[in-house]
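Note sheet for the following structure.
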């Protein structure tokens, strides 16, 4: 089997390429720069020169593959339009082959306790654009295509991910890790290597399916910030921020970090046989 992947040189993409190759899959990967090409090549994938805006390149690379995983996101002006056009090109090329699209559990907003993929949708500003795009992606299942959406929780592992980017690094600079509110809100976490395995399994998922990529680690933010304070060498040094202060410092992503979310990944376990094995997030986060 050959799979074409976008975002392969990124944080989640690198682990996903490794997982695909472990499963005996040949990988081609979009690479928008020489540096990206070297990264995916070193991982064992064949680079395909192009960017997410190069829809002809995407369509042809997807046409030549047996499956597609779309991880890439262009966080610039017009993010939603770029993602929509890229997804359409990839799905046109994939045709009846599997196409796995990336979403995120933030689109559900605050949850009422532990929920699954059927919970009501209430996205914060930063991720509201995903709703229409994912609706378009999944609608193509009615035409005989094989779209699947994977919605990761907050991804951590190997000293990377959003957790470290927005909390550990500011903490190292300021001598205290920021915590939005009193820290009682929960984050639904997943280790990047477990998530990568889910992407591989999703290539064989039923058309039109959506899966929360979470490993049932629903951890209070207060515990996460304490762990990160150890990682950056200032144990127990936490700076409490109001949501308004956090938005001024971090931008609109702070609204997403302030969500209280608890999720179960039971559907992926039940339907795909996904078995997350890295289940001690706090210990790993504390190690940095």
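Coordinate-derived values only; no laboratory data. From a predicted model like this one, the values you see are computed outputs, not experimental measurements. All Cβ positions, glycine included, derive from the backbone under ideal geometry; neighbour counts span all protein chains shown.
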Note: residue 49 to residue 234 extended length (0.36 nm per residue) minus current alpha-carbon separation gives 62.3 nm
With only helices counted (DSSP H, runs n ≥ 4, each -39500 (n - 2.57)), the per-residue ellipticity at 222 nm for the chain, to the nearest 500, works out to -11000 deg cm²/dmol
Fewest to most Cβ atoms within 10 Å: 135, 18 sort as 135, 18
Once the mean of 1/r over all distinct C-alpha pairs in the range 203-252 is inverted, the Kirkwood radius in Å reads 14.3 Å
P(r) of the range 20-122 over all Cα-Cα pairs, 10 Å bins starting at 0, rounded to whole percent, reads 14, 38, 30, 16, 2
dims of the range 146-288, Cα set, principal axes, largest to smallest, nearest Å -> 47, 29, 21
Taking a crude spin-label model, label points 7 Å out from Cα along the C-beta direction, the residue 35 to residue 158 distance in nm is 1.7 nm
Between residue 173 and residue 118, the FRET efficiency computed from the C-beta separation at R0 = 41 Å comes out, to the nearest 0.05, as 0.50
As a Kirkwood estimate from alpha-carbon pairs, the chain has a hydrodynamic radius in angstrom of 19.2 Å
When 226, 38, 146 are arranged by how many other beta-carbons sit within 10 Å of their Cβ, fewest first, they go 38, 226, 146
Put in order of increasing Cβ neighbours within 10 Å, starting from the fewest, 234, 179 give 234, 179
The range 111-148 scanned against label point 7 Å out from residue 243 along Cα→C-beta; backbone N under 14 Å for 111, 122-126
The range 151-233: antiparallel bridges as % of DSSP beta bridges, rounded to 5, reads 50 percent
So, with points 7 Å from each Cα along the Cβ direction, the residue 66-residue 1 label distance in nm works out to 0.7 nm
Of the convex hull drawn through the C-alpha atoms of the range 36-188, the volume per residue in Å³ is 152 Å³
